Structures are given as structure tokens and as C-alpha cells.
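Asker: This is the structure I have questions about; it appears just below.
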Amino acid sequence: MGIWEDKARHFASLHRRGDPLILFNVWDAGSAATVAEAGAQAIATGSWSVAASHGAPDGEAIPLDLVLANARRICEAVVLPVTVDFEGA
């Protein structure tokens, strides 16, 4: 099993009835590292915060390749599982 599968399984294990998983939204690798260092169990992105950090409004205003590159940098900056808020399908 690879690192991404391990992270996915770990993330799933954090979802327990009666013990809510609290996710803090980050917008880049630096904020992800800070949240991880503060003791988070997992990392989340928010579409608004990612868009705003790139000077764009929320609502699919930044190119998908930029969103994916940002998500990759976040994932590489922490050992925690990461969930990404994609606005549309």
C-alpha cells in the first residue's frame, strides 16, 4: 500500500460517531504546515480561502491546474491526510 492509500485510510478512521473530526481550512503549504504543527488531525482546503489567496473571487475563478498544483504542495508539506474543496465537477 502506498502513502496516499495510507493517508486515505487514516482519514477515514478519523470519522467516528460521537467524536467529530474538526477540520481547519488552509490555503497554501505554509498555512497547512502551521495548522499541522498546532496539532490538527487532518488538513482541509476551502475554495474561498484558496481563491482569495490567489487574488480571485470564489466560484471556480482560478484554473484547475493551479488548484491541483496548490493541493499537491499542501499534501507534500504535511504528513496528515488532506481533503480538498473542489467547487464543481
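Since every read-out is calculated from the coordinates, none of them should be taken as a lab result. Keep in mind that this is a model prediction, so the values were computed, not measured. A quick note on method: Cβ atoms are made from the backbone with ideal geometry, for glycine too, and the neighbour counts reach across all protein chains shown.
Asker: For region 3-83, with equal point scatterers placed on the C-alpha atoms only and solvent neglected, what are the log10 I(q)/I(0) values from the Debye formula at q = 0.14, 0.20, 0.21 1/Å, to two decimals?
Answerer: Evaluating at q = 0.14, 0.20, 0.21 Å⁻¹ gives log10 I(q)/I(0) of -0.47, -0.89, -0.96.
Asker: In a Gaussian network model over the chain where Cα atoms closer than 10 Å are linked, find which of 42, 71, 56 has the largest mean-square fluctuation.
Answerer: Per the Cα network of the chain with a 10 Å cutoff, 56 tops the list.
Asker: Could you calculate the FRET efficiency of residue 87 with residue 10 from 1/(1 + (r/R0)^6), where r is the beta carbon distance between them and R0 is 25 Å, rounded to 0.05? All intermediate terms of the calculation are to be shown ahead of the outcome.
Answerer: On the way: r = 26 Å, r/R0 = 1.02.
Calculated value: 0.45.
Asker: Between residue 79 and residue 52, what is 0.36 nm times their sequence separation minus the Cα-Cα distance? Round to one decimal in nm. Write out the running numbers ahead of the final one.
Answerer: Working: separation 27, 0.36 × 27 = 9.72 nm, distance 2.49 nm.
Additional length available on full extension: 7.2 nm.
Asker: While we're on this one: As an exercise, use a Förster radius of 30 Å and the Cβ-Cβ distance of residue 21 and residue 68 to find the FRET efficiency, rounded to the nearest 0.05.
Answerer: Numbers: r = 24 Å, r/R0 = 0.80.
Taking R0 as 30 Å, the efficiency between residue 21 and residue 68 is 0.80.
Asker: Taking the Cα atoms only, what angle lies between the long axis of helix 3-13 and the longest principal axis of the chain, rounded to 10 degrees?
Answerer: Compared with the principal axis, the helix lies near 70 degrees.
Asker: Same structure again: For a quick check of your reading of the filter: which GluC sites (Glu not before Pro) in region 28-76 sit in a DSSP loop and have no more than 12 other Cβ atoms within 10 Å? Spell out each step's value before the answer.
Answerer: Working: sites: 37, 60, 76; in loops: 60.
Taking region 28-76 and a limit of 12 other Cβ atoms within 10 Å, no loop GluC sites (Glu not before Pro) are found.
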